[in-house]
Amino acid sequence: MIGQTVSHYRILEKLGGGGMGVVFRAEDLKLGRQVALKFLPDTLADHPEALERIRREARAASSLQHPNICTIHDVDEHEGRPFIAMELLTGETLAQRLASGPLEPGILIDVAIQVADALEAAHARGIVHRDLKPANLFLTSRGEPKLLDFGLAKQTEPGATAPHPPATGAHASAMPTAVVLEQLTSPGTAIGTVAYMSPEQARGELLDSRTDLFSFGAVLYEMATGRQPFAGRTSAVIFDAILNRPPEPPAQITRDLPLELARIIETALEKDRTLRYQSATEIRTDLKRLKRDSDTSRMSQQVPAAVRKRRIHPSWIAGAAVLALLAALAGWLLPRSSMPASSAQLSLAVLPFQNLGTDASLDYLSYALPDEIATTLSYVPELAVRPMASTRKYASREIDPHGAGKELQVARVLAGHFLREGERLEVAIEVIDTASNRLVWRASSTSPADDLIALRREISARIRKELLPALGALSSSRGASTQPASAEAYGLFLRASALSSDPKPTSEALPLLERAVELDPSYAPAWRELGRRLYYSGTYADGGPRALERATSAYKKALQLDPGLTEAAGSLITMQVEGGELLAALRRADDLVRQNPGDARSYFTLGYVLRYAGLLDASSNACRTALKLDPGNQGWRSCSATFIQLGDYRQARVFTELDKGSDYAAMMEMAILTREGYPAKALEIISKRTDVFGKPFHSLMKDCLEGKPPSEGATVPFVAAMLAVRDAEPKYEMSGLMARCGDRDAALRLLRRVVEENFLAYPAMDRDPLFASIRSTPEFAAIQKLAIDKQKAIVAARSGHKD
């Protein structure tokens, strides 16, 4: 149906489908807006019960106007098939979100209040939903829940709660026939629905609004624990649990769950509906009271002190800036294992320092000193520290810490300067609150100019002796597991760290670092930096496989010396997955998140690996978590690829904007525009950056994007170059471009290599517009099957590892 006009809607793409409906994105030609069209699938188009279901859904939902209920615009028929035109939503279902684990209590409460409000509105109109479950709750990209699918809705008297008198004959049971249809058309789907039924619904009794409240309780339970309250391998086992067995108390599964929230969930799940909440208004009132109390000390009295310390809400941090900074810096120089995991991190950027003297030989300290401080701060889990790559640009201008903080979207900025006077080197550091432009802390240190290790010790001492005691923190702890032992080696390390990551500076940094680790083989940061430079050399320069092998060894040595270097751990994992070791990388990424549950980089690493596995929903959740923990970090930019593969181009741009103006952002924007159907705009980007893309690529893409067949042999060098690349992901993008250019053989050859090298681009390849010209070929089907088979094996092996 793609491209067809139905009534006054032009169908653009298929969004999804299941046993009871197929949904398309369409353009309303009258009003110029995009909508979602829901049709019955062909297999059910002549089924009277199914037809009644879609009509019932339209009647029920269209009578409700509520911000948390999906809006119904129209209901019509096309060639005898009824369809609903409804609000087009971007985001994911709650079921998709819960695949990555339970919700944080604060988010859960906010979502629950809005859902309760939607139920209250429906019940006030006499509408009982009867199929409330995570799959029928949609979380928009703004985090707002939307109640979907009123196909099983039942009309009662407005506000009715008491059951109606028993019915007879054909109406004796309120068990919806659509459940049977789902069992026939979508094996396994009904189990999910059954798991959220109320006891009275399971018994086939007549229902009132309290059945929705029980289902809501089951959804709340899963939001809080990540598990269904009633689970089993068959519907009979689930029915037995719903009718006869209490679920495990949610507070025993999620140890830091607020006790009042656990009580609300357990009340909603009362099997006797007379003991359950009697209205959505009641449960909403309790939830709102809990939300109010969570912003006061009453919330903290419900959980142990150690747990309270972990669950600092980001809004409290913003509202009490100084206290939050104190809490974060209290862990300065503490080993990572001794710090509790935070639910969100306080963002901080360390800017390049200013050389106030005339000795240009010390300019490298402008980058080296803040890089060392940023590394030290990375041992504080509550702090999300911007990488120096994000802040280098501020060295070339007069630094305004307040303005830089706003540009970088961080709560705090650390800035400094240094000055050599004779044989002494003086360094001054200050921390600025971005929101208020207020000085939070200032310190200065002095040491012999030729003893940088002494300078390092002096700065640490000022932090321990002056800052930490003022914060009420212990000052006797230390940070990294290793300290520099050789002044010469440390100086070489600092000089190398100050160089940019471009190929030529990297080639200059490598001999410095190799000499540094030779002189001081016990200093972990030097090994980490050597691994990073070798990776850049092997990936972006001429270092080749040997450089990548050495990078792996260097990273492993760094982690052996200091297991707290999550940057090294994450880099090792990304190198593994780029080398085709998907399962090993996935297991290590899972372990990394478990070991560092409040660390944004760990979640980014997991999202990166999940994209290679083709598990895009889970990848997007990990990317969103990284962005939530550390907003504005340009290091998360490659998450844009996950959302491009999902077809969520708006969210993809959120991540490319993190590195706005870069060559990478330009390439990703070209990829998005090509898929959106704007070839001229994509070509404009390539034309402006021929120095990046190269004239031959520009010429090829000009023909492709203008719909002209490329000249004979034009694609050959690009395919050959891609086949020699170690990483499979660039091959995936090039295979799509070759398909767009009309070189079917090249596209299929690259795509097969992509899957063989364990970039399991399924279901991405099924929805990617670039592959439209080859999707119907038997070769494509064979590649698709290979990806699916490999993905199933990976998921099964990963599940065993996680268990």
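The values are calculated or read from the model by the stated rules, or taken from the named source; none is laboratory data. Worth saying up front: this structure is predicted, and the values here are computed from it rather than measured. Glycine gets a Cβ as well: all are built from the backbone with ideal geometry, and neighbour counts include every protein chain shown. Surface areas here come from the heavy atoms of the whole protein model, side chains and all, with no ligands, DNA or RNA. Shrake-Rupley method; radii C 1.70, N 1.55, O 1.52, S 1.80 Å.
Of everything in region 746-767, what is open to solvent by 10 Å² or more (accessible area, probe 1.4 Å), at negative phi and in contact (Cβ under 8 Å) with a residue 60 or more places away in the chain? Give them in sequence order. The answer is GLU757, TYR762, PRO763, ARG767.
Among residues of region 255-284 that are touching a residue at least 40 places away in the same chain (Cβ under 8 Å) and closer than 25 Å to LEU243 by Cβ, those with a beta-carbon under 6 Å from a residue that is open to solvent by 30 Å² or more (accessible area, probe 1.4 Å) and not hydroxyl-bearing (Ser, Thr, Tyr) at least six positions away or on a different chain give the pairs ARG276/GLU270; ALA280/GLU120. Restricting to region 83-141, count the residues that are more than 13 Å from ASP212 (Cα to Cα) and assigned to a loop (DSSP other than H, G, I, E, B). Qualifying residue count, region 83-141: 11. Which of (1) open to solvent by 70 Å² or more (accessible area, probe 1.4 Å); (2) over 32 Å from the mean Cα position of the chain (by Cα); (3) not hydroxyl-bearing (Ser, Thr, Tyr) does LEU510 not meet, given it meets every other one? With respect to (1) open to solvent by 70 Å² or more (accessible area, probe 1.4 Å); (2) over 32 Å from the mean Cα position of the chain (by Cα); (3) not hydroxyl-bearing (Ser, Thr, Tyr), LEU510 is out only on (1).
Table: residues versus (1) at pLDDT 90 or above; (2) in a helix (DSSP H, G or I).
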site	(1), (2)
GLY192	no, yes
TYR196	yes, no
GLU200	yes, yes
GLN252	no, yes
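Going through (1) surrounded by fewer than 19 Cβ atoms within 10 Å (Cβ to Cβ); (2) modelled with pLDDT of 95 or more; (3) among the basic types (Lys, Arg) one by one, LYS660 falls short only on (2). Taken together, the criteria place ALA641 among residues that are modelled with pLDDT of 90 or more and crowded, with 17+ Cβ neighbours inside 10 Å.
Is at least one residue of region 412-423 among the β-branched types (Val, Ile, Thr), closer than 18 Å to ALA349 by Cβ and at pLDDT 80 or above?
yes
Please indicate, with yes or no, whether at least one residue in region 25-37 is at pLDDT below 70, among the basic types (Lys, Arg) and on the phi < 0 side of the Ramachandran plot. No, every residue in region 25-37 fails to be at pLDDT below 70, among the basic types (Lys, Arg) and on the phi < 0 side of the Ramachandran plot.
Looking only at region 414-441, count every residue that is crowded, with 17+ Cβ neighbours inside 10 Å and in a strand (DSSP E or B) and tell me the total.
Qualifying residue count for the region: 17.
Scanning region 694-745 for residues that are in contact with an Asp or Glu (Cβ under 7 Å, 6 or more places away or on another chain), part of a loop (DSSP other than H, G, I, E, B) and either among the acidic types (Asp, Glu) or in contact (Cβ under 8 Å) with a residue 40 or more places away in the chain (or both) returns ARG726, ASP727. A residue that is touching a helix residue (DSSP H, G or I) at 6+ places or on another chain (Cβ under 8 Å), closer than 27 Å to ARG386 by Cα and either in contact (Cβ under 8 Å) with a residue 60 or more places away in the chain or assigned to a helix (DSSP H, G or I) (or both) can be found somewhere in region 672-687.
Hey, ALA411 hits all of (1) open to solvent by 10 Å² or more (accessible area, probe 1.4 Å); (2) at negative phi; (3) in contact with a Pro (Cβ under 8 Å, 6 or more places away or on another chain) but one; which does it fall short on? Failing condition for ALA411: (3).
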